[in-house]
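Enquirer: Here it is, the structure in full.
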Amino acid sequence: MAFFRRIQKKVNNLWYPQSVTWGKAVTTREVADELSVISTVTRGDTYAVMENLGRVLSNFMGQGRTVKIDGVGTFYYTATSTKRGVLTAAEVSASLINGVRVRFLPEVERNSGRQVTTRSMVNTKIVWEEWGKTSTSTGGNPGGNDGDQGENPLG
């Protein structure tokens, strides 16, 4: 089950649902445990691979490559600059770059009409429930907080 809360945007004063994460982030060990249960690979082997995944992705993206992982999606770097730009193409140089961001695009499948049919990282059967509302299925407020207790890395 996924959770949302109601928020009002200051820009237009309209209300929107905003997703809420709760509890602590799932760890590499927990993911490795789950992967080992559904595969023939041990937890230790899975953990070792996952532990090194960031370094491998960084090396390839640092070479200017995108990295596509089947069933997951594509990772790539984008450059950031605080300057507003320069007047001529001749003035553009690497010295204008002051940061790097990692971007991620979840894998998608398209039908013959080029319409997206599935996104691998998006569960199509998500059940949304308002955060903090009593539910017969969850027995109340999951995690025992309102989503603003500092545990939400996305909030």
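The values are calculated or read from the model by the stated rules, or taken from the named source; none is laboratory data. From a predicted model like this one, the values you see are computed outputs, not experimental measurements. Every residue, glycine as well, gets a Cβ built from its backbone with ideal geometry; the counts of neighbours run over all protein chains shown. The accessibility values were calculated without ligands, DNA or RNA, using every heavy atom of the protein model including side chains. Shrake-Rupley method; radii C 1.70, N 1.55, O 1.52, S 1.80 Å.
Enquirer: Quick check on SER19: is it surrounded by 13 or more Cβ atoms within 10 Å (Cβ to Cβ) and free of Cβ contacts under 8 Å to residues at least 12 places away in the same chain?
Expert: No; evaluated as a whole, the condition is false for this residue.
Enquirer: Is it the case, given these coordinates, that THR28 is out of contact with any Gly (no Cβ under 6 Å at 6 or more places or on another chain) and open to solvent by less than 80 Å² (accessible area, probe 1.4 Å)?
Expert: yes
Enquirer: Also, I was wondering about something else. Among the residues of region 21-68, count how many are among the hydrophobic types (A, V, I, L, M, F, W, C) and under 20 Å from PHE104 (Cα atoms).
Expert: Matching residues across region 21-68 total 11.
Enquirer: Of the residues GLY99, GLY44, GLY62, GLY71, which is under 23 Å from THR124 (Cβ atoms), open to solvent by less than 80 Å² (accessible area, probe 1.4 Å) and not basic (Lys, Arg)?
Expert: Every option except GLY71 fails the conditions.
Enquirer: Which residues, taken from region 37-91, are of a type in the set (Gly, Ala, Ser) and either assigned to a helix (DSSP H, G or I) or at pLDDT 95 or above (or both)?
Expert: Those that are of a type in the set (Gly, Ala, Ser) and either assigned to a helix (DSSP H, G or I) or at pLDDT 95 or above (or both): GLY44, ALA48, GLY54, SER58, GLY62, ALA89, ALA90.
Enquirer: Would you check if ARG110 is farther than 23 Å from THR21 by Cα, without any contact (Cβ under 8 Å) to a residue 12 or more places away in the chain and surrounded by 10 or more Cβ atoms within 10 Å (Cβ to Cβ)?
Expert: yes
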